[in-house]
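Enquirer: Submitted below is the structure of interest, expressed as structure tokens.
Since every read-out is calculated from the coordinates, none of them should be taken as a lab result. Source: prediction; values computed, not measured. With ideal geometry, Cβ positions are generated from the backbone for all residues, glycine too; neighbour counts draw on all protein chains shown.
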Amino acid sequence: MNASMPHKQERLQAILAPAPVVAVVTIDDAGVAVALAQALIDGGIGAIEITLRTPAALDAIRAIARDVPQAAVGAGTVLSATDLHAAAAAGARFAVSPGASSALLDAADTSTLPLLPGAATASEAMRLSERGYCLQKFFPAEPAGGVEYLRALAGPLPHICFCPTGGIRVDNAAAYLRLPNVACVGGSWLTPPALVRAQDWPAVTALARAAAALRG
Ligand code: 3PG
């Protein structure tokens, strides 16, 4: 295991765990990133994952990192060493990947950026645990087996904690959050594309507020 891993995992935990939900955002217009992040913050959601799936993503991360210091902005859909380095250079404070390749994990070992790598099976989770990842993304949560699958992993793998993401909404999030091996959940339901296009920030704040209350 890389020597800096425990420290990076602690940092990741401190970023992701305070609120029950990490907002997963795919953004087409970096010009709305600051207002969007502020709307989430106003609703009590501080961890914002901007997926690297659009040309606007890195500019959005840069803008949030610069103008919304209360937000912990991260990069999602980090698939390669190149993505990881670009995310760090843009000011991301964490990185998320749907799975884990050896090349990505090797790059993460030498990066200061904490990585939340994805696992969907016991074997994948064990391999990541061997490399020091005690906090992992469970992806895609609903299709991969959902709450019952994660509950089954908690018995033999109690030392691994998950942020399940994929198919989670306000109505099924609470069941995940009650599991002993769930630190938080991730989801895109806080920023529906139609609300973002309409720049309806009060509506986004209301969704964030409902999400922030899930563990309360
Ligand atoms: C993703 O990779 O898109 C995230 O897991 C979000 O999934 P969701 O849109 O089902 O919340």
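Enquirer: In deg cm²/dmol, rounded to 500, what helix-only [θ] at 222 nm does the chain give when every DSSP H run of at least 4 residues adds -39500 (n - 2.57) and the total is split over its residues?
Expert: Values: 11 runs with 98 residues, N = 216.
Mean residue ellipticity at 222 nm (helix-derived): -13000 deg cm²/dmol.
Enquirer: Right, something else. Quick check on the exposure proxy: order 147, 21, 204 from fewest to most C-beta atoms within 10 angstrom. Each step should come with its number before you reach the end.
Expert: Details: 147 19, 21 31, 204 27.
Result, fewest neighbours first: 147, 204, 21.
Enquirer: What number, in percent, do you get for the relative contact order of the chain if the mean sequence gap of Cα pairs under 8 Å and at least 6 apart is divided by its residue count? Numbers along the way, then the final one.
Expert: Values: 440 pairs, mean separation 51.6, N = 216.
Taking the mean separation of contacting Cα pairs over the length of the chain, I get 24 percent.
Enquirer: Say each of residue 197 and residue 121 gets a label point 7 Å from the Cα, pointing the same way as Cα to Cβ; how far apart are those two points in nm?
Expert: The answer from the label model is 3.9 nm.
Enquirer: Amide H neighbours of residue 21 under 5 Å, counting only residues 5+ apart in sequence or on other chains, H built in-plane at 1.01 Å?
Expert: 185
Enquirer: Once you sort the root eigenvalues of the Cα gyration tensor of segment 5-210 as a ≥ b ≥ c, which label holds: rounded (a/c under 1.5), prolate (a/b larger than b/c) or oblate (the other case)? If you can, show how the numbers build up before the last one.
Expert: Values: a/c = 1.90, a/b = 1.26, b/c = 1.51.
Oblate, because a/c is 1.5 or more while a/b does not exceed b/c.
Enquirer: Tell me, in nm to one decimal, what length is gained between residue 149 and residue 175 on full extension, where the rule is 0.36 nm per residue of separation less the Cα-Cα distance? If you can, show how the numbers build up before the last one.
Expert: Numbers: separation 26, 0.36 × 26 = 9.36 nm, distance 1.22 nm.
My answer for the length gained is 8.1 nm.
Enquirer: Next up: Mind listing the long-range amide H neighbours of residue 137? Cut-off is under 5 Å, sequence gap 5 or more, other chains count too, H placed in the peptide plane at 1.01 Å from N.
Expert: The list, which skips near neighbours in sequence, is 118, 119, 163.
Enquirer: Report the calculated FRET efficiency for residue 70 and residue 14 (r = Cβ-Cβ distance, R0 = 22 Å), to the nearest 0.05. Intermediate results must be reported in sequence, preceding the final value.
Expert: Details: r = 14 Å, r/R0 = 0.65.
So, using R0 = 22 Å, E works out to roughly 0.95.
Enquirer: What order do you get for 16, 104, 157 when you list them from fewest to most C-beta neighbours inside 10 Å? Intermediate values should be presented prior to the final figure.
Expert: On the way: 16 27, 104 21, 157 17.
Least to most surrounded, the residues fall as 157, 104, 16.
Enquirer: In whole Hz, with x marking every Gly and Pro, tabulate ³J(HN,Hα) for segment 194-202 from phi via Karplus 6.51 cos²θ - 1.76 cosθ + 1.60, θ = phi - 60°.
Expert: Whole-Hz 3J(HN,Hα) from phi for segment 194-202: 5, 5, 5, 4, 7, 6, 8, 5, x.
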